[in-house]
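The values are calculated or read from the model by the stated rules, or taken from the named source; none is laboratory data. All of these numbers come straight from a predicted model, not from anything done at the bench. FYI the Cβ positions are ideal-geometry reconstructions off the backbone, even for glycines, and counts take in every protein chain you see. Ligands, DNA and RNA are excluded from the accessible area calculation, which covers all protein heavy atoms including side chains. Shrake-Rupley method; radii C 1.70, N 1.55, O 1.52, S 1.80 Å.
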Amino acid sequence: MESLTGATTDQAPADAAASDGMLANQPVGYWTGLAHSSVTRHLRDAMAKIDVTQPQYWVLNRVNGGPTAPSREEVVAQLTHLADGQHEIARVVDQLLHREWLWIDAGQRLHLTDAGEAARARLRELVTELRVVVHRGISDEEYVAALKVLRKMVANVEGDGDSW
């Protein structure tokens, strides 16, 4: 493996105690995977305490978030890539209809009930509080720089390396 300085290096095994000098050779997949699972678990654990799931929050935001009310099919199509399976979002819509946080109009469009909007607003507050914990000690500039690096890595492996 060739480092940025042009020297050939071996990829170092993942090590949480690695010095700064060793971090350049750490596997990005390990760290991005660990970050994803840790942050997601933290968020989902907090939501579970108020009997809500992350996919339910996604659906509430999507139903609330457009200029026109979406259909069930549109919500499913737009959120399935985030879900743990191809049927999860459809199930979540059913759960939220049963919970009376959503309702369907005569044109088969989904809308938030007052209870659904209250839940969405309460969840937004929770997510904002959790973001403060996750971002503690990290400036906005550092966060943006980290995301730009990850975005570039994705572009590199997907063949769009020059697009970002």
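Here Gly21 fulfils each of the conditions (1) open to solvent by less than 80 Å² (accessible area, probe 1.4 Å); (2) over 24 Å from Thr128 (Cβ atoms); (3) not in a helix (DSSP H, G or I) apart from (3). When Ala24, Ala90, Ala77 are screened for being more than 30 Å from Met153 (Cα to Cα) and hydrophobic (A, V, I, L, M, F, W, C), only Ala90 passes.
Listed by first and then second residue, the pairs with beta-carbon distance under 8 Å, at least 6 apart or on different chains, first residue in segment 39-61 and open to solvent by less than 20 Å² (accessible area, probe 1.4 Å), second among the small types (Gly, Ala, Ser) and part of a helix (DSSP H, G or I), are Val52/Ala119; Leu60/Gly116; Leu60/Ala119.
Please determine whether any residue of segment 117-131 is open to solvent by less than 50 Å² (accessible area, probe 1.4 Å) and touching a strand residue (DSSP E or B) at 6+ places or on another chain (Cβ under 7 Å). Yes, there is a match, as at least one residue in segment 117-131 is open to solvent by less than 50 Å² (accessible area, probe 1.4 Å) and touching a strand residue (DSSP E or B) at 6+ places or on another chain (Cβ under 7 Å). Answer with yes or no whether Thr128 is hydroxyl-bearing (Ser, Thr, Tyr) and under 19 Å from Trp101 (Cα atoms). Here the answer is no, as Thr128 does not meet what is asked. When you check Tyr143 against the structure, is it out of contact with any Cys (no Cβ under 8 Å at 6 or more places or on another chain) and open to solvent by less than 50 Å² (accessible area, probe 1.4 Å), yes or no? No; evaluated as a whole, the condition is false for this residue. Checking each residue in segment 62-75 for being in contact (Cβ under 8 Å) with a residue 12 or more places away in the chain and within 20 Å of Ala119 (Cβ to Cβ) picks out Arg62, Val63, Asn64, Ala69, Pro70, Arg72, Val75.
When residues in segment 53-74 are screened for being over 16 Å from the mean Cα position of the chain (by Cα) and among the hydrophobic types (A, V, I, L, M, F, W, C), 2 of them pass. Is it the case, given these coordinates, that Gln26 is surrounded by 14 or more Cβ atoms within 10 Å (Cβ to Cβ), modelled with pLDDT under 95 and not charged (D, E, K, R)? Here the answer is yes, as Gln26 does meet what is asked.
Entry remark, segment 83-104: residues being under 20 Å from the mean Cα position of the chain (by Cα) and open to solvent by 80 Å² or more (accessible area, probe 1.4 Å) number 4 in total. The C-beta contact set for segment 78-94 (first residue in contact (Cβ under 8 Å) with a residue 24 or more places away in the chain, second residue of a type in the set (S, T, N, Q) and not in a loop (DSSP other than H, G, I, E, B), distance under 9 angstrom, 6+ apart or interchain) comprises Leu82/Gln54; Glu88/Thr80; Ile89/Gln78; Ile89/Thr80; Val92/Gln56.
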